[in-house]
Amino acid sequence: MPLPPKKRPDAAYSNYLTTSFKMAIAIGLGVYGGLKLDGLIDWKFPLCTILLSLLGVALGIYILVRDTGNK
């Protein structure tokens, strides 16, 4: 009886690497968009930066949970 094929150990690393890049992009776009909106609105308090940064973090957590779920 033949043995089942072994999974490559670097496949898991590449999965986590792409997940971390997706998270970084989501957070970075939130910060960048908030800074641009605050620059256009010209408020003293950076409300858009804070809100869109938090939205980017929430999206990053969602991406992490989705990508590392049961497979």
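Does LEU55 meet the test of being of a type in the set (A, V, I, L, M) and not in a loop (DSSP other than H, G, I, E, B)?
Values: of a type in the set (A, V, I, L, M): yes; not in a loop (DSSP other than H, G, I, E, B): yes.
Yes: the conditions hold for LEU55.
When the stretch 6-30 is examined, which residues are found to be more than 17 Å from TYR62 (Cβ to Cβ) and either within 18 Å of the chain's Cα centre (by Cα) or among the hydroxyl-bearing types (Ser, Thr, Tyr) (or both)? Matches in the stretch 6-30: ALA12, TYR13, SER14, LEU17. Within the stretch 1-48, the set of residues being part of a helix (DSSP H, G or I), over 28 Å from THR68 (Cα atoms) and not small (Gly, Ala, Ser) comprises LEU35, LYS36, LEU37, ASP38, LEU40, ILE41, LEU47, CYS48.
None of the figures in this text is laboratory data; all of them are computed from the coordinates on show. Predicted, not measured: the structure shown is a model, and the values here were computed from it. Cβ sites come from the backbone with ideal geometry, for glycine too, and all protein chains shown count toward neighbours.
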